[in-house]
Amino acid sequence: MILKSIAEQALHEALRTGGDFAELFCEDRRSGAMGLVDGHVENASTVRRHGAGIRVYNGLNSVYVHTNDTSLSGLLSAARKAADAVSGSAAVGDVRLVPSIPANAHPIKALTMDVAGSRKAKLLRDMDLAARAVSPEIAQVRANLIYWDSDVLIANSEGLYTGDRRVYTRVACAAVAEGGGESQSGSVGPGAMMGFELFEGRVDVVKEAEKAARQAVTMLHAEPCPAGVMPVVIDGGFGGVIFHEACGHSLEAQAVAFGNSEFAGKLGERIASPVVTAVDDGTLPGEWGSLNIDDEGTPTTRLVLIQDGVLINYMVDRLNGRRMNMAPTGSSRRQDYTFAPTSRMRNTFIAAGSDDEDEIISTCGDGLYAKSMGGGSVNPVTGEFNFAVDEGYLIKGGRIDRPVRGATLIGRGAEVLKRIDRVGSNMWMAQGMCGASSGSIPTNVGQPMIRVTEMTVGGR
């Protein structure tokens, strides 16, 4: 997208006032979306975004300037603006870039962008029909398809000149059940770093739509959840959102470097139950949160964060790595070229354990089974959280008794980690969009079924 000679000139200009490091990030992205409501396509759009950002370091200070003009004059103008905000003493030398091509772990068979609109619309209509077939109580169905194809180029004053291609596809279905003057909803949203082949074996849209509809109908007939302190069994997949929000963000260098994390300065210490091992892995082929290289050009990694309850790693980007005197871990990410990158999660999960899922429930006594988790709020400094349970069931005498709605899980990340006493053997992941200072990015959350010996459950 940008010739090596032009990138060299822009980086040299960015260092003109004495910065000690400069970086160029260029992106060309095609994206599309199609939405269907009650069987009718309501929108279909395509968008193209193109631009670049230039970042300059002076010690621990960083300046970022972006532009949609990637001509030589446009890049030089952006570089001058970044340089003018920096006053350093580093010697300005010529920048010599060395091209490199990262290995591609995510081959694409069929770009969703290039698939005929009629095929995409049929996929959404199939979801609508499948959801409605679950029950006459399904009153509304929304289905959406989003996809994008992004080429990035990354160059820096240390000689890096590399690039990557990122292709993503995701489908979502939300079903609403109505009856007795009330309504409840259910939703799914599977996706991957894949093209339209996502729907050729990996994601069955009919089954996904049925799942959303069944959840809506089940919750329509559920009774209010009782409040109290009790054991909680949290299912796999999106159940991992609690670890992601209440613990994962606190293990990112952007929080740790400034002491804004309950886990700052605790490397080598036991912060969780011995049955807990947690991983952030950007190398998994085709996964929603995977990359070949991060947004600073560092090869992505499989990073064990917690091993048998002991904290052994943080997720580190280049700038915060300077602050912490730690090497980058391939964890630097951004929404697009308009954002400066920082440390972010990729595919973050509690690793599979050895416990049988039936035994986890049968030995629980009385408690709550959180089958499907929803959104919530977290204070990353303290780890205090409050999460909604989208689909929950009471456990009575070690048996799943009846569905309940309106449950919330309340607690503190560090405390929950230490109270996990069972970890199932089947781990799976679910997809989400994570928002933070460098924008909204695709991330996977995951875990096996886990049991927390004691949690505060909000309800009636």
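The values are calculated or read from the model by the stated rules, or taken from the named source; none is laboratory data. Treat the numbers as computed from the prediction; the structure is a model and nothing was measured. Every residue, glycine as well, gets a Cβ built from its backbone with ideal geometry; the counts of neighbours run over all protein chains shown.
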* Determine if the range 60-73 includes at least one residue that is out of contact with any Phe, Trp or Tyr (no Cβ under 9 Å at 6 or more places or on another chain), within 21 Å of Leu97 (Cβ to Cβ) and aliphatic (A, V, I, L, M). => yes
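Residues are listed down the side, and each one gets a yes or a no for (1) over 27 Å from Ala131 (Cβ atoms); (2) surrounded by fewer than 19 Cβ atoms within 10 Å (Cβ to Cβ); (3) free of Cβ contacts under 8 Å to residues at least 24 places away in the same chain:
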residue: Ile234; (1), (2), (3): no, no, no
residue: Gly265; (1), (2), (3): yes, yes, yes
residue: Gly268; (1), (2), (3): yes, yes, no
residue: Thr283; (1), (2), (3): yes, yes, no
* Name the residues in the range 416-440 that are closer than 26 Å to Pro231 by Cα, part of a strand (DSSP E or B) and aliphatic (A, V, I, L, M), would you? -> Ile420, Val423, Met429, Ala430
* Structure fact -> Within the range 318-334, restricting to residues that are part of a loop (DSSP other than H, G, I, E, B) and not charged (D, E, K, R), the one that is surrounded by the fewest Cβ atoms within 10 Å (Cβ to Cβ) is Asn325
* Considering only residues of the range 335-365 that are part of a loop (DSSP other than H, G, I, E, B) and aliphatic (A, V, I, L, M), which is farthest from the chain's Cα centre (by Cα)? -> Ala352
* To do: Confirm whether Asn379 is free of Cβ contacts under 8 Å to residues at least 60 places away in the same chain and under 22 Å from the mean Cα position of the chain (by Cα).
  => yes
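Of the residues that make up the range 196-219, is at least one of a type in the set (Lys, Arg) and over 22 Å from Gly375 (Cβ atoms)?
Yes, the range 196-219 has at least one match.
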* Residue that is farthest from Val176 (Cα to Cα), among those in the range 1-52 that are without any contact (Cβ under 8 Å) to a residue 40 or more places away in the chain and of a type in the set (D, E, K, R) -> Arg48
* In the range 109-144, which residue that is buried (at least 19 other Cβ atoms within 10 Å of the Cβ) and β-branched (Val, Ile, Thr) is nearest to Thr162 (Cα to Cα)? -> Thr112
* Kindly indicate whether any position in the range 141-149 is within 24 Å of the chain's Cα centre (by Cα), of a type in the set (Asp, Glu), farther than 30 Å from Leu15 by Cβ and not in a helix (DSSP H, G or I). => yes
* To do: Output the strands (runs of 3 or more DSSP E) that fall wholly within the range 366-414 and possess 2 or more residues being outside the structural domain of Pro448 (by TED's automatic domain parsing), or say none.
  => none
* Structure fact -> In the set Gly59, Gly19, the lone residue that is surrounded by fewer than 16 Cβ atoms within 10 Å (Cβ to Cβ) and out of contact with any Ser or Thr (no Cβ under 8 Å at 6 or more places or on another chain) is Gly59
* Hey, could you check the range 155-170 for residues that are under 26 Å from Ala121 (Cβ atoms) and β-branched (Val, Ile, Thr) and say which is surrounded by the fewest Cβ atoms within 10 Å (Cβ to Cβ)? => Val167
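Got a sec? Which of Met449, Met433, Met427 is under 30 Å from Asn292 (Cα atoms) and buried (at least 23 other Cβ atoms within 10 Å of the Cβ)?
Sole residue among the options that is under 30 Å from Asn292 (Cα atoms) and buried (at least 23 other Cβ atoms within 10 Å of the Cβ): Met449.
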* Arg96 is checked against (1) modelled with pLDDT of 95 or more; (2) not in a loop (DSSP other than H, G, I, E, B) and fails just one. What number does that condition carry? -> (2)
